Ligand SMILES: Cc1cc2nc3c(=O)[nH]c(=O)nc-3n(C[C@H](O)[C@H](O)[C@H](O)COP(=O)(O)OP(=O)(O)OC[C@H]3O[C@@H](n4cnc5c(N)ncnc54)[C@H](O)[C@@H]3O)c2cc1C
C-alpha cells in the first residue's frame, strides 16, 4: 500500500528509489547476521556513505548531500518500510550531525564532517544517564576546565551507536550549581584515554542496534571540542530535539504502515504471505 504524498518533490522521490534499492540489496540480506552479532558491520556504514545515504542534509561543501528535511524523511520512510532494524543511520545523520552543522565552528565542520558523511566516523549523542532520562538538566556527568582542556567524568546509558561510535557528543555539566544554565555539549573522540564502553544493552526489539553504556574517567579533551556556547547546551538541545522527535515520528508512521500492509496480506492469503515473508 503506497500513499503518494504531495510534500515530496521529484528529487526526494529519486533519493527514495536509491534508498529502497540500498536497503533491499545491502541491508535485508545481512539482517539475520546483525541480529546474531548484536551489531551492524562497519562495511555497511561505508557503503551507505559511498551511496550518499548518510548525512543527506549536511551541506555539500562538508561532504553531505546538501538536502533538506524531506530527504531525511524519505530515507527514514524507506528504511522502516524495508523492515530492517539495527543501523542507526538516522541517529548519526539526522539527530547528531545537525549539532555540528548548526553550532560548530568552521574549523570543527571542516575537520569532523567529511569522514562522518563518508561513514568512516560514526556519531552518537550521549544525554541519558543511569539516574537521568527526561529531566535532562539533572545530568551529573561533569566537564571541568583545566587550562585549555576539559576533564570529563561520569557515565551515560541507552546510547544508540554506543559500541560503534567514533565521536560522541556528550552532554556535560560545566557549572553544576546553575541547573539548566550549566550544561554544555562536548565532542569526545572514542580513542581518548579514560573513555570506556560498557555492555551492549539487551532490548525487546532492535537487537542489532548497539545501544550501550559509556563511561568517562578523567577523559581530557581540548576546549576546542566544545560545541556551541559554554553553559548554553540545554538551549541547544531544546532547539535540536524537536527535529529528533519529528524524524522518530516519521519512523513510527512508516513502521505502522508496514505492519498494516503485512496484516492485510496475511488476512487475505495466509499461504502466499508465509511464502513471501518467511522464504
Ligand atoms: C532504544 C533506545 C535508544 C536510545 N538512544 C539514546 C541515545 O542515543 N542517546 C541518549 O542520550 N539517550 C538515548 N535513549 C534514552 C532515552 O532518551 C530515554 O529513555 C528517555 O529520555 C526517557 O528517559 P528514561 O528512560 O530515564 O525515562 P524517565 O525519564 O524515567 O521517564 C519514565 C516515564 O515517566 C514519564 N515522565 C518523566 N518525567 C515526567 C514528568 N515531569 N511529567 C510526566 N511524566 C513524566 C516519561 O514520559 C516516561 O513515560 C535511548 C533509549 C532507548 C530505549
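In table form, for the structure just shown:
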quantity	calculated
Hits in region 3-39 (condition: assigned to a loop (DSSP other than H, G, I, E, B) and either under 21 Å from the mean Cα position of the chain (by Cα) or under 16 Å from residue 206 (Cβ atoms) (or both))	38, 39
Close pairs from region 205-226: first not assigned by TED's automatic domain parsing to the domain that holds residue 129, partner part of a strand (DSSP E or B) and more than 12 Å from the ligand (Cβ to nearest atom), Cβ under 8 Å, at least 6 apart	none
Among (1) away from the ligand (no atom under 14 Å from the Cβ); (2) crowded, with 24+ Cβ neighbours inside 10 Å; (3) on the phi < 0 side of the Ramachandran plot, the one test that residue 55 misses	(3)
Residue tally, condition within 16 Å of the ligand (Cβ to nearest atom) and either surrounded by fewer than 20 Cβ atoms within 10 Å (Cβ to Cβ) or outside the structural domain of residue 41 (by TED's automatic domain parsing) (or both), over region 109-120	0
Single match in 96, 105, 174 (criterion: farther than 30 Å from residue 22 by Cβ and in the same structural domain as residue 250 (by TED's automatic domain parsing))	105
Where residue 38 falls short, out of the listed (1) modelled with pLDDT of 95 or more; (2) on the phi > 0 side of the Ramachandran plot; (3) buried (at least 17 other Cβ atoms within 10 Å of the Cβ)	(1)
Residue list for region 201-231, restricted to those being closer than 17 Å to residue 163 by Cα and surrounded by 17 or more Cβ atoms within 10 Å (Cβ to Cβ)	207, 208, 209, 210, 211, 212, 213, 214, 216
Condition check for residue 211: more than 30 Å from residue 29 (Cα to Cα), within 12 Å of the ligand (Cβ to nearest atom) and at pLDDT 95 or above	no
Test: residue in region 83-97 that is part of a loop (DSSP other than H, G, I, E, B) and within 9 Å of the ligand (Cβ to nearest atom)	yes
Filtered residue count, region 214-238, keeping only those that are within 16 Å of the ligand (Cβ to nearest atom) and assigned to a helix (DSSP H, G or I)	5
Qualifying residues in region 135-156 (those that are surrounded by fewer than 17 Cβ atoms within 10 Å (Cβ to Cβ) and either outside the structural domain of residue 211 (by TED's automatic domain parsing) or under 18 Å from residue 234 (Cα atoms) (or both)) - the one nearest to the ligand (Cβ to nearest atom)	135
Residue in region 121-132 that is touching a residue at least 60 places away in the same chain (Cβ under 8 Å), closer than 23 Å to residue 25 by Cα and away from the ligand (no atom under 16 Å from the Cβ) present	no
Among residues of region 171-187, those that are buried (at least 16 other Cβ atoms within 10 Å of the Cβ) and either in contact (Cβ under 8 Å) with a residue 60 or more places away in the chain or more than 16 Å from the ligand (Cβ to nearest atom) (or both), counted	6
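The values are calculated or read from the model by the stated rules, or taken from the named source; none is laboratory data. Bear in mind that the values here come from a model prediction, so they are computed numbers and not experimental data. Methodologically, a virtual Cβ is constructed for each residue, glycine included, from the backbone with ideal geometry; neighbour enumeration extends over all protein chains shown.
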